[in-house]
Amino acid sequence: MSKEKKALGVDVKIIKARETTVAKAEAPTAVDPDRSKSASEFVTPPYDLRGLKQMVRDSNILPQCITAYKNNIAGFGIALRYKTEDADETPEMKAEWDAAQQVLDLLTVSMDTKEVFEDLIEGRETYGIAYLEVVRNPAGEVNQVSFIRDIPSMQKTYPLDPPQESAYIYNGQKIVRPRRFCKYRQQVAGTTVYFKEFGDPRMMDNRTGEYTETDADGAPLSPQYQANEVIDFTIGTELYGEIRWLGQVLGVDGSRKAEGLNNRYFTEGRHTPMMICVNGGTLTDASFTKLQEYMNDIKGEAGQHAFLVLEVENADNKAGFEEAQKPTIEVKDLASILQKDELFQGYLENNRRRVQSAFRLPDLYTGYTTDFNRSTAQTAMEVTEKQVFQPERKSLAWVVNNLLLNGYGFKYVEAYFLAPDITNPDDLFKILSISEKAGGLTPNKARSIVAEALGEKAENYEGDWGDTPLVVQTLLQAQQQAQQAQAGGLDPVAMAQLSSQIAKAEGQNDDAVVAVMKEVRRILKNWPFTSGEERDIIKNAWSADDHPRNDLGQFSDGSNASSSSKPAGRYDPQKVVGTETSTGTTVTAVSDHAGQRMRERHVSANNIKTALTSSDSKVTDGKTAGTKVYQKDRIRVVVDENTGTVVTCMKRGK
């Protein structure tokens, strides 16, 4: 009997997975552990802020450090600049600049805008936190800011739920991000005013601190009750910030007590300069009373040049004095054991240095040293500027551009805080010298550096040469002169001298000489003899009807227009031959030079004949003996009266 093999049954079920998306929070969800310590919505500062202000007042170093921060971070002013410095200014950019400048100037009208930020820095360094109240116009744009001076009267909450959609303009695009906002309130003399955090899109009632757009009776909330916005500036990450010198509080308080002890020495300290000792006797009652009055009245001018007489009686009350029993009076000087200077000098000095270290300020900024030279002062300023003040200026500039001015959507300009010029002239001289020799200094750059050093503004030179390094320009000129010398031409200096001589000859109306010299200049300027190939090009540039030239492309010697092949047409010199001038001279020939000038200057034969024959022509003697100059309108012709040859011709204005 065969056994049937049964196959194992496998039950397979296919389950289709559901497509799910991972949802995440769009706003920060971290919880601050300190929130559990506060039983109310508003959080009380961890210590009395007014005590910090009193410590600053009593300190011998904190006011100097805070003033140094205030003056060097915001004290040099706030200004505008283009985001792209090398871009050409367009009307749109200029209009945006003017609009941004107006906004900055009018952020406050009671003081300079920079003074608002100076006050902010002073408050922040004193209390660890400072507040700026921001006011918007009906269009929702920031148009006014105000520093809240009574900082201890302000309280704030932790960022509250739920997150609100906050708009931000980045590169011209509106970006919306969820964000939690705080509430603020100020309580002074029983009056409470509420504020909302800057950027909170909700409307708040400044009387109750509630987010609402309507009044208690359901009417729209009046603008006078709509809460303004606040920006807080804190040091550190705590809700109310932390003062920079928190670790030096004990030292600051100890220095104050040490100063107080030194001060009380003058009113409560002992100032006994001497001691009077009586041996073997006692002062009489009269002497004791007189000594006491003397010590009390010795002060001032009344005690000048005064003397004291003391009487002593024997303590044994015997009638006669024995030699061994005579009483003696001894005066001992105690001035050597008196306190001559203040106490705790080393302690005070160490505390001062520790406070300055908390601010990272050298003695130069607090006025506590005179032992420095140019080198040490320059180094101290450079390090402090880079490590302390520049980062602080950038943080404040970010607030101005990305918070206060963000709603305006400026595309081309940005605000920044001005900085002092700490450039070392000696270092700058060395850098420029090396750069100039290496070919990195251009005329425009040199001009801008000089203008900046003198506190002036300078425009760039016109032309591309202003952006060419000086060394490169010198090399190019040297190469050009070498090429010209190799080609047989003149360098620019010689060419300038030739032009000067031509101008001098023109002033003397020496037309013949001027014509020859101009021709020489033209040949030297436009005819570089660099190779035989170029000579052939120049020589063959004339047509077959032109005057014949030699191997150098010059006119053949001893030939004139009347004896050589002549070009046909209106510029044919032969057409001038036979003309009788207004002075009775008959033209017998036209020089090669005059024929060339006819073609180059577009002086036709009829132009020359008219100038020679017209009664309106002005005829004068030429500088060369035996020559006459005929001029009509723009045409001038020089004729050798002895030979009847037209020497040259020209057309003015060509």
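What follows is calculated from the coordinates using simple rules that are stated; it is not laboratory data. These figures come from a predicted structure and were not determined experimentally. Methodologically, a virtual Cβ is constructed for each residue, glycine included, from the backbone with ideal geometry; neighbour enumeration extends over all protein chains shown.
Apply 1/(1 + (r/R0)^6) to the Cβ-Cβ distance of GLN345 and GLU392, taking R0 = 35 Å, and write down the FRET efficiency to the nearest 0.05. Rounded to the nearest 0.05, the efficiency is 0.60.
The slack in the chain from THR282 to TYR416, taken as 0.36 nm per residue of separation less the alpha-carbon distance, amounts to 39.9 nm.
With θ taken as phi - 60° and the Karplus curve 6.51 cos²θ - 1.76 cosθ + 1.60 applied, the whole-hertz 3J(HN,Hα) list for segment 343-351 is 8, 6, 4, x, 5, 5, 5, 5, 5 Hz, x standing for glycine and proline. Relative to one another, the C-alpha centroids of segment 222-262 and segment 361-405 are positioned 21 Å apart.
Computed from backbone phi, the HN-Hα couplings of segment 42-55 come to 8, 9, 8, x, x, 8, 6, 5, 5, x, 5, 4, 5, 5 Hz, rounded to whole numbers (Karplus: 6.51 cos²θ - 1.76 cosθ + 1.60, θ = phi - 60°; Gly and Pro given as x). The spacing between segment 586-649 and segment 199-215, judged by their C-alpha centroids, is 98 Å. In summary, segment 403-458 shows an alpha-carbon radius of gyration equal to 1.65 times the 2.2 N^0.38 Å reference for compact globular proteins. Maximal additional length on extending the THR379-MET295 stretch stands at 24.5 nm, based on 0.36 nm per residue less the C-alpha distance. Think of segment 425-485 as having a plus end and a minus end, set by charges on the Cβ of Lys, Arg, Asp and Glu; of GLN477, THR442, TRP465, GLN477 sits farthest toward the positive end of this dipole. If you plug the beta carbon distance of GLN187 and GLU115 into 1/(1 + (r/R0)^6) with R0 = 30 Å, you get a FRET efficiency near 0.65.
Between GLU519 and VAL472, the distance separating the two model label sites (each 7 Å from Cα on the Cα→Cβ line) works out to 4.2 nm. Projected over all directions and averaged, the alpha-carbon convex hull of segment 425-485 occupies 4.9 nm². Note on segment 131-250: the alpha carbon radius of gyration divided by the globular reference 2.2 N^0.38 Å gives 1.19.
Using R0 = 35 Å, the C-beta based FRET efficiency linking GLU165 and ALA99 works out to 0.80. A simple spin-label model places the labels of GLU238 and ILE434 4.7 nm from each other, with each point 7 Å out along Cα-to-Cβ.
Measuring between alpha carbons in the structure, the pairs from LYS290/LYS326; LYS394/LYS457; LYS394/LYS437 lying more than 31 angstrom apart are LYS394/LYS437.
With a/c under 1.5 counting as rounded, go ahead and sort segment 199-280 into rounded, prolate or oblate using the C-alpha gyration tensor (a ≥ b ≥ c being the square roots of the eigenvalues; past the cut-off, prolate if a/b is larger than b/c, else oblate). In terms of gyration-tensor shape, prolate.
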